[in-house]
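One structure is given below, encoded as structure tokens.
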Amino acid sequence: MNWTIALPEIVLACIGMAILIFGVLRKSDSTLLCTMFSIGGYLIAGMLVLTGTQGFGYHGQFVSDPFSAFNQILILSGAALCTVLALDWNESQGIARFELPVLTLFATVGMMVMASASNLMTLYLGLELHSLPLYVLAASQRDNLRSSEAGLKYFVLSSLASGLLLYGISLVYGFSGTMDLMGLHDLLKTPANASPGLIVGIVFVFVGLAFKVSAVPFHMWTPDVYEGAPTPVTVFFATAPKVAAMSLLLRVMGTSFASLVGAWQELIVIVSICSMVLGALAAIGQSNIKRLMAYSSIGHMGYALIGLAVGTAEGARGTLVYMLIYVFMSAGAFGCILAMRRKGQPFEKISDLSGLATNDPALALALAIFMFSLAGIPLMSGFFAKLYIFLSAVQAGLWTLAIIGVLASVVSAFYYIRVIKVMYFDAPVERFDARPASLSIVVAATGLFTTFFFLFPAPVVAAAQAAAGVLFR
């Protein structure tokens, strides 16, 4: 069994249950305490991940290796950032309940299981454990019609994607006789074992996972859910779940089906190109900054998929570096969006940022940094994220994919720079409310990382290289 392989997940789940019992039994409001306990749980789980042993457990259904550790640390970081950002916002909107950080924590447990899954059934259990709390979180602002609509849309469409994934898993099992990822890898080394039914199963598995990263054409839920869900929940949707789903895509395609790269590479290339193009073009006409960020995330997942399309360890390394940088860029950008409040009421229009550089130069500078980075302007971390991705595509001879990616980046720069233009060159409007210290700390930390990443890329790239070395062997 070797149950200690899953010690971080077990400890985090136990902490979540303890926080839930504490919140129920405590008579007075316990939102702040439960939030602090949740953040403490993430820190404990992170230390256990870094100091834990590596190997397989639970009869080969669970694995701890550099790849899972890299993604789990990133998932925990994203969850902690979102929990901190949610604290003051939930209080001001009257939805501060102790259940929200607990739901976030349980979703994080599911994502950690996803990152360590070495069996298709473990993969599905982790994915469902992470999805169920997200349905509730998206609709957590119960008196807001948009939030209820977001929760319902995500529930219906995610359920459909889960069904497609489960159908794909059943096809893979039916035509191969195993659900073990390494078992599939060994089986498919013999080309004769790759039956048409198995290939169809692979396609369905990819479709189910592509929905979770909001890749085209499985992106339809993203703009509405991003706009309708409470903004801290949107931050969560944009960070940790994307890492978990992308890690699953890399693990499944780079382990089980690595020898069949020729069969699925074209599919990934098409989805990547469509995601980049739609993300670049659809965001141009957006006036709501949360919808703009939704289409932006679709485009960024298209860039990240380039590394998977390459089908090598170098491509996987590029995707892992990209996801790490993307999490900090997105968390920082949404932190600035959370600061868009007047008299306690949130504002989401891009025009509400008019003249921000005059009213709040620090916030304008921070948002400008994140917009430049998301656009891939040189010396910002986003530039290096795209550089590693495009280099891997060029080295693999996928010139068309790299060129389309560069062109999509140029087009998308228009709407990022438009936000900066509104802040710095339009007439000032009413000032936003004073920012809470927790939000300022998150924005400052992520802003410093985004700005000065070029000074210390080596540790991140080395960790991503060690993680990617597990795949495409």
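Side notes on the structure shown:
- Computed E for residue 170/residue 11 - FRET, C-beta separation, R0 35 angstrom, nearest 0.05: 0.60
- Dipole axis of the chain (+1 Lys, Arg; -1 Asp, Glu on Cβ), positive-most option in 210, 42, 406: 406
- Near-label residues of the stretch 97-111 by backbone N, under 20 Å of a point 7 Å along Cα→Cβ of residue 24: 97-110
- Of the trypsin sites (Lys or Arg not before Pro) found in the stretch 409-458, those that fall in a DSSP loop while having at most 14 other beta-carbon atoms within 10 Å are 431.
- For the chain, the longest principal axis of the C-alpha atoms and the axis of helix 437-452 are separated by about 60°.
- Taking a straight line from the alpha carbon of residue 212, these lysines sit under 22 Å away, with near neighbours fewer than eight places off in the same chain left out: 153, 242, 290, 386.
- Highest average first, the peptides 15-28, 40-53, 318-331 ordered by how many other beta carbon atoms sit within 10 Å of their residues are 318-331, 40-53, 15-28.
- Label of the coordinate-derived value, Rg and Dmax of the Cα atoms in Å, listed as (i) 24.2, 85; (ii) 23.3, 72; (iii) 21.2, 68: (iii)
- Rolling a 1.4 Å probe over the protein heavy atoms gives the chain an accessible area of 36 Å² per residue.
- Carbon plus sulfur fraction of accessible area for the chain, probe 1.4 Å, in percent: 71 percent
- Extended-chain gain in nm, criterion 0.36 nm per residue less alpha-carbon gap, residue 97 and residue 178: 24.8 nm
- Acute angle (nearest 10 degrees) that the helix 99-116 long axis makes with the longest principal axis of the chain, alpha-carbon atoms: 30 degrees
- In terms of its alpha-carbon gyration tensor, the stretch 401-473 comes out oblate; a/c meets the 1.5 threshold, while b/c is at least as large as a/b.
- Between helix 120-138 and the chain there is an angle of about 20 degrees, using the helix long axis and the longest principal axis of the Cα atoms.
- Relative contact order of the stretch 371-450, defined on C-alpha pairs under 8 angstrom at six or more residues apart (%): 35 percent
- Taking a ≥ b ≥ c as the square roots of the eigenvalues of the Cα gyration tensor, the stretch 42-155 is classed as oblate, since a/c reaches at least 1.5 and a/b does not exceed b/c.
The values are calculated or read from the model by the stated rules, or taken from the named source; none is laboratory data. None of the values given here were measured: they were computed from a predicted structure. Positions of Cβ are generated from backbone atoms using ideal geometry, with glycine treated the same way; all protein chains shown enter the neighbour counts. These accessible areas exclude ligands, DNA and RNA; they are computed on the full protein's heavy atoms, side chains included. Shrake-Rupley method; radii C 1.70, N 1.55, O 1.52, S 1.80 Å.
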